[in-house]
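Working notes, beginning with the structure itself.
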Amino acid sequence: MSTFAICRSASVIAISTCLAAPCFAQAEATPVADEEEIIVTGIRASLEAAMDIKRESTGVVDAISAEDIGKFPDTNIAESLQRIPGVSIDRVNGEGSKVTVRGFGPQFNLITLNGRQLATSSVGVVGGDQDVENQQPTSRSFDFSNLAPEGVRTLEVYKTARTALPSGGIGATINIRTQRPLETGETGLRGSVGAKAVYDTSVDGFEVTPEFSGIVGWSNDSETFGVSLFGSYQDRKSAAPSATSNDWNIRTFGDFLNPDNGFVRRDGTTQIENAPTDLSTLVAVPNDSRYHYSESQRERINGLLTLQFKPMETLTLTADALYAQNKVKEERSDQGNWFNRPFNQVRFDDNPTVATTVFLQETLTGVKDIGFEQQYRATKSDLYSFGFNANWEISDGFTLTLDANTSKAKDRPDSPNGASSTLVGIGAPVVSAHSVDYSGAIPVQEWTLNDALRGNNNGVLDIGDLGTQVARTVTARQEHRINQFAADLGWEFDGGGRFDLGVNYIDSKMESQRSQTQQTLGDWGINNVGDVSALAGDLIEQFCMACKFDHYKPGNAAIAFRGNAVDLYEVLSAAYLTDADPRDPDLDDADPNTPGQQGRPIDATAGLDDEVKEKIWAGYVQFTWKGEFMGRPAGVVAGVRYENTKVTSNSLIRQPARIAWVADNDFTTVLSDDVVPIQAEGEYNNLLPAIDFQIEPMDNLLARVSYSRTLARPDYGNLFASVSVDNNNPNRPTAAGGVATANAGNPSLKPLVSDNFDVSLEWYFDKSSYISAAFFYKKVKNFPGAGQVEQELFGLRDPSSGAAGTRSGAALAELQRLGLDTSDVNLFTMTALIVEQGGGIDPTTVANASAVFQANLTGGSLNQTFVDQVLGRTDVIANSSDPLFNFSVDTPVNTETGNIHGFELQGQYFFGDSGFGIAGSYTNVNGDVGFDIGADPNTDQFALTGLANSYNITGIFEKYGVSARVAYNWRDKYLSRLNRQGSRNPVFVAPFGTLDVSVTYDVTENIQVSFEGVNLLSEPIRTYARDRDELWFAQELSPRFYLGARYRF
């Protein structure tokens, strides 16, 4: 028998045994029975092993098996899983990261390692769009890119429940099985070592990065002691151009036409094309558009040690330790284009539900800036797992299994300055007119250069035109620790029956922190043009942003700038801490005769510190029977699981001191030093029955019917005790329709509970070939909907209300008296001028402010240079005359139900001895849990994220020492996020397909060379809001190639 055939047989027998018994993956392997020699290798061996697991399992189980020791079918675990029907994946920088199963996103699936729940953590700031910094890490999702595939023996996807398995997965429970030295049926030393050269075509120039992996196992001749050791290292570099929009404002067309809302000119000169005919039609208007170019690096280290000892024939002791580290970093350069408003020209698309402004144009009085923010993001993830298992056959038929494990996952900042994100805003005030066209795949920016007014007046955009704006840092951490213990007792009796019972305990603690700082440098208006070249000229370089795009066609982006944001922050922040204008070092900032020249402090603008503890006690009983029913082979597994979960949530709230109005539509939350602790508790009990019945109505035809009840626990963020005010909100003055938003958790939230029904039919018509069809239905209750309340928080006052008796109210009234647009820019500038005149609202003060305002008008529009000067020198801080903010506070409540149903088709076929084969699957998922794009933008919606159809098809050739595969995977449009920002927008991901290829050749019996190509079609990722024209994020992805060699012994 071949080496791999032995491993494969042992794997199938052990897995089928554990599916019926609570041992799951820890039990001792069943001895391999004598069988006919099977000569299979590579991809075909992997597919046959997975087919055998599927066939021998009770219930609906799919699997991916290693092709050989240390050789998994794909370069990424998630990308392997997507070949299983019902499984689709999320990608970060083109690599598989998290999985969705049967329409249920990553947070609804439970990931286990050798049957034990894994700790999870994910800060996730690298590779996302412009909103990544605003998210506190709270997810239960597991990131598969943390684990190297070479250390995996089998991936098992349990789509129907077992009462013996841990709860937490409504979509599925995915178990990662690693090598066990006494389960291979081999003795002595064996293993493999491999190396790959990785070339990512997105990187400038030709640069190759390394991958190394090795696994070695040893067992003594008596098979009473064995050890297995795995290690791997991977370094990958990539780059990607992308385009984003920061936010989409959803209003009615009637609101859009109202000059008081600042979109159209009061004199009626705004040209509008293809306007909706109904004033109640929703319209979408972007806040800005941006181009990016990012360069990323990921470094991963894995190590796994397993020891097994059999002091006697009936007792197997197993100890294992896992360590995984994943370091990622990204340097990103921006080109940002924002609008002052009101617009000169507007064109809408034809969407009858939400008409999107696909073309916007604005001509300025004076000049405004084009932004070139520099961003640096870096995080480090560590995952530890230590476990011990004892499997004791007390007597014939009686087995006791004890298992204990602790695991910890930590995600934390890894930048030199201790932040997870560092963002330094710089720009050039040289734009006299500009437009953006959203009718294509990405926004096309066009703008007119005028550097004579505020630049260096040489007629070209260069470093001399640059000035600083603001500098920010975000520090985010998540840590999750799980301690768990399980005891299981099994009794096999005559007649094919088995009875199991067990208890297990899980003690889980998740901690999440997020803090943010902001420091004003030259301010949003860029008041200190030239400070970049004077202070950090050697840290900035000019490059062609447009040249980085291949798939998309951007607009005017031939000249952009890039530099390391951490280095820039270190220089610029230090300079501005002591000097408000460091271009002039001769000014003495301590001299009272130089007012306004004080240094710029670093303000804390966010401070969140939350902890959620869960203590779970569970007990179960399960009965298994295999025999005959009506003369045909049949089997039943039935049981019930009871769980008690206690939740304790602790939060430290750093209270906001004020929300400052710092520019037209920019607000900054400034925190006080006061910290208040809050604690809240919750508890719930669940009874979870499950039954699987299978029968073979004719030879090689297998029918299954299953019912189960499963649960998925709420996102940790929904369980927080804290109330947090969203940063940078409202998104515009409340007098112009802006809404201040906040979030509150609910530790009493109940878990999602799903009643699941499955029916499947499988026909195994040849040794390596089968087809199967499955139907599933899930009725889910307790989805967390949004309970919204309007309330005041922390005594925060609103400086932008426009209410009578306030400075903004006086400014609004004066603009209306003058017949001027009440745009965000005009309202802020008039209010700031009133503040500069002493802050009173008496007629004299308002008249003086108005005179200054009118002196800077040209043709009814403010001179932009004057606007920038005002916002640079004055922030509007609320006083006692301003009303309290009325926050829209979202609180999760268990209010929603959903029905999800679908079917899966799967099969594989090998064409005799030709070496050719084909495999594929198709999944169709439907439900009543979609997002209504025409719903009220002021109200949160409930919908299920991740719901999408998908398919994959793989062509195979394996003969003459060659093993080759060409695979195409496709996923339809799906919803990835709900209720984003003030207009409660969705985030949809456009359909995505990828073509991959792999070829291996056995040079000798022990040496193998390989070539792999991923995403050969350069498929990009694109996300959007309520309409395809409402772009959130579009990122180009490029092929990457692997050339490798492996030695097995």
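FYI, it's all coordinate maths here, none of it is from the lab. This one's a predicted model, so the numbers in the text were calculated from it and none came from an experiment. Neighbour counts are summed over all protein chains in view; Cβ atoms, including those assigned to glycine, are modelled from backbone coordinates with ideal geometry.
Under the classification rounded if a/c is under 1.5, otherwise prolate if a/b is larger than b/c and oblate if not, where does the chain fall, given a ≥ b ≥ c as square roots of the Cα gyration tensor eigenvalues?
prolate
By how many nm would the segment from V759 to A452 lengthen if fully extended, with 0.36 nm per residue of separation less the alpha-carbon distance?
103.2 nm
Give, in nm to one decimal, the length gained when the segment between V621 and Q854 is fully stretched (0.36 nm per residue of separation minus the Cα-Cα distance).
The span from V621 to Q854 would gain 75.8 nm if fully extended.
How large is the convex hull of the Cα atoms of the range 610-746 per residue, expressed in Å³ as a whole number?
Hull volume normalised by residue count: 172 Å³.
With charges set only on the Cβ (+1 for Lys and Arg, -1 for Asp and Glu), what does the dipole of the range 154-249 come to about its Cα centre, in debye to the nearest 20?
320 debye
Taking 0.36 nm per intervening residue step and subtracting the Cα-Cα distance, what contour gain separates E313 from D204 on full extension?
33.3 nm
Using alpha carbons only, how many angstrom separate the centre of the range 798-862 from the centre of the range 625-687?
47 Å
State the answer as a single residue: which of Q325, Y951, S1010 lies farthest towards the positive end of the charge dipole of the chain, with beta carbon charges of +1 for Lys and Arg and -1 for Asp and Glu, about the Cα centre.
Y951
Would you calculate a helix-derived [θ] at 222 nm for the chain, using -39,500 (n - 2.57) for each DSSP H run of n ≥ 4 and dividing by the full residue count, to the nearest 500?
For the chain, the value works out to -3000 deg cm²/dmol.
Taking a cut-off of 19 Å between Cα atoms, list the lysines near K615, but don't count ones fewer than 8 places away on the same chain.
K408, K509, K646, K750
Sorted by mean Cβ packing within 10 Å, highest first, what order do the peptides 635-648, 169-182 take?
Going by the mean number of other Cβ atoms within 10 Å, highest first, we get 169-182, 635-648.
Once phi is turned into θ = phi - 60°, what whole-Hz ³J(HN,Hα) does the Karplus curve with 6.51, -1.76 and 1.60 give for every residue of the range 858-869, x standing for Gly and Pro?
My calculation for the range 858-869 gives 9, x, x, 10, 6, 5, 5, 4, 5, 4, 4, 5 Hz in order.
Tell me the angle of helix 824-836 to the major Cα principal axis of the chain, expressed in degrees between 0 and 90 and rounded to the nearest ten.
Approximately 60 degrees, to the nearest 10.
Taking the Cα centre of each part, how many Å lie between the range 488-564 and the range 360-404?
11 Å
Find which of N650, M630, A660 sits farthest along the positive direction of the dipole of the range 623-664, computed with +1 on the beta-carbon of Lys and Arg, -1 on that of Asp and Glu, about the Cα centre.
Farthest towards the positive end: N650.
Output the 0 to 90 degree angle, nearest 10, between the alpha-carbon long axis of helix 3-20 and the longest principal axis computed from the alpha carbons of the chain.
80 degrees
Can you give the FRET efficiency for S748 and Y909, using 1/(1 + (r/R0)^6), R0 = 51 Å, r = Cβ-Cβ distance, to the nearest 0.05?
Between S748 and Y909 the formula returns 0.45.
Could you let me know the centre-to-centre spacing of the range 983-1008 and the range 77-95, using Cα atoms, in angstrom?
For the range 983-1008 versus the range 77-95, the Cα centre distance is 8 Å.
Any idea what angle helix 565-578 forms with the longest principal axis of the chain, computed on alpha-carbon atoms, 0 to 90 degrees, nearest 10?
Helix 565-578 sits at roughly 40 degrees to that axis.
Please label the shape of the range 242-377 as rounded, prolate or oblate, based on the square roots a ≥ b ≥ c of the eigenvalues of the alpha-carbon gyration tensor (a/c under 1.5 means rounded; beyond that, a/b larger than b/c means prolate, else oblate).
prolate
For the range 230-237, take each phi angle, set θ = phi - 60°, evaluate the Karplus expression 6.51 cos²θ - 1.76 cosθ + 1.60, and give the result in whole Hz per residue in order, putting x for glycine and proline.
In residue order, the calculated couplings are 10, x, 8, 9, 9, 10, 10, 10 Hz.
Treating only the Cβ atoms of Lys and Arg (+1) and Asp and Glu (-1) as charged, compute the dipole magnitude of the chain about its Cα centre; round to the nearest 20 debye.
In total the dipole reaches around 1480 debye.
Which of the peptides 452-463, 324-335 is most tightly packed, and how do the rest follow, judged by the mean count of other Cβ atoms within 10 Å per residue?
324-335, 452-463
Mind giving me the nanometre distance, one decimal, between the label points for T895 and Y642, set 7 Å out from Cα along Cα→Cβ?
A separation of 3.4 nm, rounded to one decimal place.
Using the Karplus equation 6.51 cos²θ - 1.76 cosθ + 1.60 (θ = phi - 60°), what ³J(HN,Hα) coupling, rounded to whole Hz, does each residue of the range 387-400 give in order, writing x for Gly and Pro?
Whole-Hz 3J(HN,Hα) from phi for the range 387-400: x, 9, 9, 10, 10, 10, 8, 4, 7, 4, x, 10, 10, 10.
I want to check the label-to-label distance for N879 and K779. Put each point 7 Å from Cα in the C-beta direction and report it in nm to one decimal.
Placing both labels 7 Å beyond Cα along the Cβ direction yields 6.3 nm.
Kindly list the residues of the range 871-898 that lie in the label zone of Q791, defined by a backbone N under 15 Å from the point 7 Å along the Cα-to-C-beta vector.
885-893
Of the peptides 664-677, 725-738, 91-104, how do they stack up when ordered by the mean number of other Cβ atoms within 10 Å, highest first?
Result, highest mean first: 91-104, 725-738, 664-677.
In the chain, with Lys and Arg counted as +1 and Asp and Glu as -1 at Cβ, which of these residues, L364, S97, P429, has the Cα nearest the positive end of the dipole, that is, farthest along it?
Checking the options against the dipole of the chain, the answer is S97.
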